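Some notes on the structure that comes next.
The values are calculated or read from the model by the stated rules, or taken from the named source; none is laboratory data. Every value quoted in this text rests on a predicted model; they were computed, and no experiment measured them. Note that we place each Cβ from the backbone using ideal geometry, even for glycine, and neighbour counts take in every protein chain shown. What goes into the accessible areas is simple: the full protein's heavy atoms, side chains included, and nothing from ligands, DNA or RNA. Shrake-Rupley method; radii C 1.70, N 1.55, O 1.52, S 1.80 Å.
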Amino acid sequence: MLKSKDNLADLAQKCISKSKELGATDVEVGLSNNISESINFRNKKLEHSDRSEVLSLGLTTYIGKKKSNVSTSNFNEKNLNQLIERCIECTKISPEDEYAGLPDKNELENKVQDLNLYDEKDLSNDFKKNYLKEMENEMFSFPEIKNSNGSSFSENKSNFIFANSIGFCEGYSTSSYSVFCEALAEKNGQMERDYEMSVNRFSDNLSKAKEVGKLAAEKACKRLGAKKIDSGKLPVIFDKRVAKSLLSTFASAVTGSSFARGISFLKESLGREIFSKEINIIDDPLIKRGLGSQCFDSEGVKNQKINLVKNGKFINLLLDTYNSKILKMKNNGRCGGLTNLYIENGNTDLKKIISEQKKAFFVLELIGRAGDVTNGNYSVGASGLMIENGEITYPVNEVTIASNLNDMFKMTLPLNDLDFKTSINSPSLFIEQMTIAGK
C-alpha cells in the first residue's frame, strides 16, 4: 500500500520547518514511495520474480547563494533531524553560486491538473504468469522460434510529494505496466533475435498477450537469412521504433545545460532552420495518460507544451531554473528533462516511399551509441532490410551507417505512421542519403 499524499506532505513540511530553524534561507524537499513487481519467464517457465518497495527523501537547503543536498530512505525522526543538521552544516561551507536558488514564485504551478496517470487496479501474480504463458505459447507456435531470450511483466506504482519553502506543496500518483518478449529464431544454423513490447499507464490498455508474442516471433523470423551488403551511399529509412533514437540525440543537444556549457553542436543554431520544413518536434507534458506526462516539473514549475522545432526551425531549448538564469532565458519547466517528446506525423506514406526506391536500406535496429552531441558526428552499427526496385528483398546485418547530424536533419522527411508507445515517439523517417559501410 502506497503512503498517502497527506502523510508525505506532512513529513515534507516538518523537514522544511526544521531546516529553517537551523538557518536555511530556502528549502526544497522531495519524497516518494515506489512499489515495483516483476515476473520473468524463459522458455515457458518462471525464471525470476521480484517485489520491491522504496521510500526516499531528497533535501536541498540554501543559505543565500550557497546550496547542498542530501538523501535518505530512513524516515526515523532522529535520523531525519541528524540528516537536516548535516545538510545545513554542509551548506554553510559550500562555495557560493550566483545562479543557485528556487524558481520565482509566479512560475510555480498553482492549479495541478488531473492527467489520469494512476491505475487503481491491482493485478495478481497469477494474472501476470498466465499472460506470459500465453505470450510465449504464441511465440513458440512459429516453427522457426527455437528459444526465448526472456519475457517479462512489470508493474510500478508510485506516490510523491514535492515541497519548497515559498509555499509549494503538491504531488500525485502514477502507475505503469510493461510487457516484453524477445524471440530467438533459427534456420540453417543461423540465429536471429528480435522483440516486441507494450507499455501503458493502465493495465487494460496493454497489448494482448498473443499479439505481443506473435509480433516478436514475426520480427525475429524476418531477420533470418541476413546478408552483408556492399559499401556505398544510399537512401535510408529509419523504422519508427529506431527513429526515436535520433530524437533522443537531438534532445540531448538542446538542453539548457549543454548550451550553458557550450558543448552542443547546435550552440549557434537557435533560431535557425536546421531541419527540413516538414519537421515539427514537440515536448508535451500534459497529455492525459501519457507515459512522460507530469503535472509540474521537479522544481514545482508550471508545465507547458512547447515546440522545440517548428517547420524545421529550432526555436526552443529545454530549460530549468538554474540554466535559464545563466542563459538569461525564460524557464519553461523542464527541470528533470523530457516529458512526452515526439516528431509530428508527416504526410507521406511508408509504403509509398518504399515503392519509390530503386535501392535503399530500411533500418530496424541500431547497435551501440550513435550521435555525438558535441560535434554532430553520427556513426552506428545497424541491421534491417534491403529495398530494391520498390520492394523489400532480403534482411541485412553487420553494416555501419554514418553521416553528420546537421546533414541528416536537413534531409529528413517524416512519414505518417506515428504512434505513442513510449515517452519518446517518432514516425518512420526517410533520409535522402547516408554512408553505408558493409563488406
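Per-structure values
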| quantity | calculated |
| --- | --- |
| Failed condition for C181, given (1) assigned to a helix (DSSP H, G or I); (2) open to solvent by less than 20 Å² (accessible area, probe 1.4 Å); (3) hydrophobic (A, V, I, L, M, F, W, C) | (1) |
| Residue identified as of a type outside the set (D, E), part of a strand (DSSP E or B) and at pLDDT below 95 among N149, N156 | N149 |
| Exclusive hit being under 30 Å from D194 (Cβ atoms), of a type in the set (S, T, Y) and in contact (Cβ under 8 Å) with a residue 40 or more places away in the chain, set T339, T374 | T339 |
| G262 closer than 15 Å to N397 by Cβ, out of contact with any Asp or Glu (no Cβ under 6 Å at 6 or more places or on another chain) and either part of a loop (DSSP other than H, G, I, E, B) or free of Cβ contacts under 8 Å to residues at least 40 places away in the same chain (or both) | no |
| Hits in segment 200-221 (condition: open to solvent by less than 40 Å² (accessible area, probe 1.4 Å) and free of Cβ contacts under 8 Å to residues at least 24 places away in the same chain) | none |
| Candidates V112, V54 - the one that is in contact with a Ser or Thr (Cβ under 9 Å, 6 or more places away or on another chain), more than 21 Å from L206 (Cβ to Cβ), open to solvent by 30 Å² or more (accessible area, probe 1.4 Å) and touching a residue at least 12 places away in the same chain (Cβ under 8 Å) | V54 |
| Residues that are farther than 27 Å from L291 by Cβ and in contact with a strand residue (DSSP E or B) (Cβ under 7 Å, 6 or more places away or on another chain), drawn from segment 313-337 | K313 |
| Qualifying position, being over 30 Å from G333 (Cβ atoms) and modelled with pLDDT of 95 or more, among L132, L115, L102, L108 | L132 |
| Qualifying positions in segment 387-402 - under 30 Å from S264 (Cβ atoms) and surrounded by 20 or more Cβ atoms within 10 Å (Cβ to Cβ) | V399, I401 |
| Residue check for N425: in contact with a Phe, Trp or Tyr (Cβ under 6 Å, 6 or more places away or on another chain) and at pLDDT 95 or above | yes |
| Segment 222-242 - residue that is closer than 30 Å to E134 by Cα and in contact with a Pro (Cβ under 9 Å, 6 or more places away or on another chain) and, of those, most open to solvent (accessible area, probe 1.4 Å) | K222 |
| Counted residues, segment 250-259 - those being assigned to a helix (DSSP H, G or I), among the polar types (S, T, N, Q) and open to solvent by 20 Å² or more (accessible area, probe 1.4 Å) | 2 |
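The rows are residues; the columns are (1) more than 27 Å from K313 (Cβ to Cβ); (2) part of a strand (DSSP E or B); (3) at pLDDT 95 or above; (4) among the aliphatic types (A, V, I, L, M).
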site: G371; (1), (2), (3), (4): no, no, no, no
site: Y378; (1), (2), (3), (4): no, yes, yes, no
site: G384; (1), (2), (3), (4): yes, yes, yes, no
site: I387; (1), (2), (3), (4): yes, yes, yes, yes
site: E398; (1), (2), (3), (4): yes, yes, no, no
site: I401; (1), (2), (3), (4): no, yes, yes, yes
site: M408; (1), (2), (3), (4): no, no, yes, yes
